[in-house]
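See below for the structure under consideration.
The values are calculated or read from the model by the stated rules, or taken from the named source; none is laboratory data. As the structure is a computational prediction, the values presented were derived from the model and not from experiment. Neighbour counts are summed over all protein chains in view; Cβ atoms, including those assigned to glycine, are modelled from backbone coordinates with ideal geometry. Just so you know, the surface numbers come from the protein's heavy atoms only, side chains and all, with ligands and any DNA or RNA stripped out. Shrake-Rupley method; radii C 1.70, N 1.55, O 1.52, S 1.80 Å.
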Amino acid sequence: MSGARASFLPYAALLAAIVTLCVGTSFAKTLFPLVGAQGVSAYRVGFSALILLAIWRPWRHRLSAADLRAVAMYGAVMGTMNLCFYMSIRTIPLGVAIAIEFMGPLVLAVAHSRRLIHFVWIALAVLGLGLLLPINPGAEPLDPVGVAYACAAAVMWALYIILGKRAAHLHAGRSVALGMTTAALIVAPIGIVSAGPVLFDPKIAALGLVVAVLSSAIPYSLEMIALRGIPKRSFGVLLSLEPAVGALAGLAILHERLSLTQWLAIAAIVAASAGTILSTPAEAVEAVSEDVP
């Protein structure tokens, strides 16, 4: 029985990470009326950077100039990705934004391994996007600016994976801490200029800390537990559930009701992501098994 529990624990940790991330992001959206999307993004990456710095203390280890450049680029993309995603969910539902963002690692995975079956998954993903985007008269109306930000976040996610692999030889915790610090140096000034002095209100800042803990610190920690006991392929397939979980979190917390067409679109993108991983050679699965810290 203890062996069964031990084998189940990593999967439970990953599912908990997905749920916590989506709940944290939903809660973050409730703070938009107070400090705006830019301010909440500054809270998330700023407090996350402080937490990671306190845990990993990366200054104790010297890096070469090339490694510092790699981590800085990785962090810059991380910050831009977070900011674009939060800007997108100002005006479009959370589940829809996550589904669009998932196109970044999905396309990257297909590019790593071109197989005939992947054209099926591409077609399914395109179908899902077609149901979401206003390219046909039957599509549900979505704010084009929000969609554009979600698409930018998808591109940033793909770049995040590429640049993250260039720093893969470094210690994971320390490189993420330095990367998140770089992200904070980029996003925090934008949040301060946008939100103004209210960003430093202690009560609102405390809520911002909750956002950072729920959407970064806890999910990242749980994913580390999960990665120790879950094959990369299974990790990626389970991670594909995130758009659906995000849609459910948006419904429960934000009362974002999606149409049947939008639910079908999310289901198509989830299936395309999972199918891509299942039909991708093991050595290429890493390209779609990375999550946002």
Checklist entry - How about LYS203: which lysines have a C-alpha closer than 17 Å to its C-alpha, ignoring those fewer than 8 places off in the same chain? => result LYS29
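With N residues in the stretch 139-279, what two-decimal value do you get for its Cα radius of gyration over 2.2 N^0.38 Å?
Values: Rg = 17.8 Å, N = 141, 2.2 N^0.38 = 14.4 Å.
Its radius of gyration relative to the 2.2 N^0.38 Å reference: 1.23.
If DNA, RNA and ligands are ignored and the probe is 1.4 Å, what is the ranking of HIS61, HIS169, HIS118 by accessible area, most exposed first? Spell out each step's value before the answer.
Values: HIS61 80, HIS169 125, HIS118 0 Å².
Largest accessible area first, the list is HIS169, HIS61, HIS118.
Using unit Cβ charges (K, R positive; D, E negative) and no other charged atoms, how large, in debye to the nearest 20, is the dipole of the chain about its Cα centre? Walk me through the intermediate numbers first.
On the way: 18 positive and 12 negative charges, 145 e Å.
Using Cβ point charges on Lys, Arg, Asp and Glu, the chain gives about 700 debye.
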Checklist outcome for this item: With the charge dipole of the stretch 38-104 built from beta-carbon charges (+1 for Lys and Arg, -1 for Asp and Glu) about the Cα centre, the Cα from LEU94, GLN38, LEU52 projecting farthest to the positive end belongs to LEU52
Checklist entry - Working out 0.36 nm times the residue gap between ASP201 and THR91, then minus their Cα-Cα distance, what length gain in nm do you get to one decimal? => result 37.1 nm
Checklist entry - At a Förster radius of 25 Å, what calculated FRET efficiency corresponds to the Cβ-Cβ distance of SER7 and LEU264, to the nearest 0.05? => result 0.15
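Which net charge results when you count Lys and Arg as +1 and Asp and Glu as -1 among the other residues whose beta-carbon is under 11 Å from that of VAL71?
On the way: positive: ARG69, ARG166, ARG174; negative: ASP67.
Here the count lands on +2.
R0 = 22 Å: FRET efficiency of ILE162 with ARG115, Cβ-based, nearest 0.05? Intermediate values should be presented prior to the final figure.
Values: r = 21 Å, r/R0 = 0.94.
Using R0 = 22 Å, I get an efficiency of 0.60.
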Item to check | Residue-level accessible surface for ILE186, protein heavy atoms, 1.4 Å, Å² | outcome: 70
Next on the checklist: At 7 Å along Cα-to-Cβ for each site, give me the label-to-label distance between HIS169 and MET224 in nm.
Outcome noted: 2.3
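Would you work out the relative contact order for the chain, in percent, from Cα pairs under 8 angstrom that are 6 or more residues apart? Present the calculation step by step, with values, prior to reporting the outcome.
Values: 462 pairs, mean separation 116.4, N = 293.
Reported relative contact order: 40 percent.
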Checklist entry - Farthest toward the dipole's positive end in the chain, which of ILE122, SER221, VAL193, given Cβ charges of +1 (Lys, Arg) and -1 (Asp, Glu) about the Cα centre? => result SER221
Item to check | Residue among LEU14, LEU68, LEU159 with the largest mean-square fluctuation in a Gaussian network model of the chain, springs linking Cα atoms under 10 Å | outcome: LEU68
Checklist outcome for this item: Rounded to the angstrom and largest first, Cα extents along the principal axes for the stretch 27-77 equal 43, 22, 12
Checklist entry - To the nearest 500 deg cm²/dmol, what mean residue ellipticity at 222 nm is calculated for the chain from DSSP H runs of n ≥ 4 alone, each contributing -39,500 (n - 2.57), summed and divided by the residues? => result -25500 deg cm²/dmol
Item to check | Solvent accessible area, Å² - ASP67, 1.4 Å probe, full protein context | outcome: 30
Next on the checklist: Along its three principal axes, how long is the stretch 1-120 when you only count alpha carbons? Whole Å, largest extent first please.
Outcome noted: 41, 40, 40
Item to check | Which label in [x] 18.5, 58; [y] 20.2, 78; [z] 19.9, 68 gives the computed Rg and Dmax of the Cα atoms in Å | outcome: [x]
Checklist outcome for this item: Here, ARG257 and ARG62, labelled 7 Å along Cα→Cβ, have an inter-label distance in nm of 6.3
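Can you put LYS29, LYS232, LYS203 in order of accessible area, largest first, using a 1.4 Å probe?
Details: LYS29 35, LYS232 75, LYS203 165 Å².
In descending accessible area the options line up as LYS203, LYS232, LYS29.
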Checklist outcome for this item: The size of the Cβ-based charge dipole (Lys, Arg +1; Asp, Glu -1) of the stretch 163-239 about the Cα centre, to the nearest 20 debye, is 420
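In whole percent, what relative contact order does the stretch 180-277 give with Cα contacts below 8 Å and a gap of six or more residues? Mind showing how you got there, number by number?
Details: 30 pairs, mean separation 22.6, N = 98.
Relative contact order here is 23 percent.
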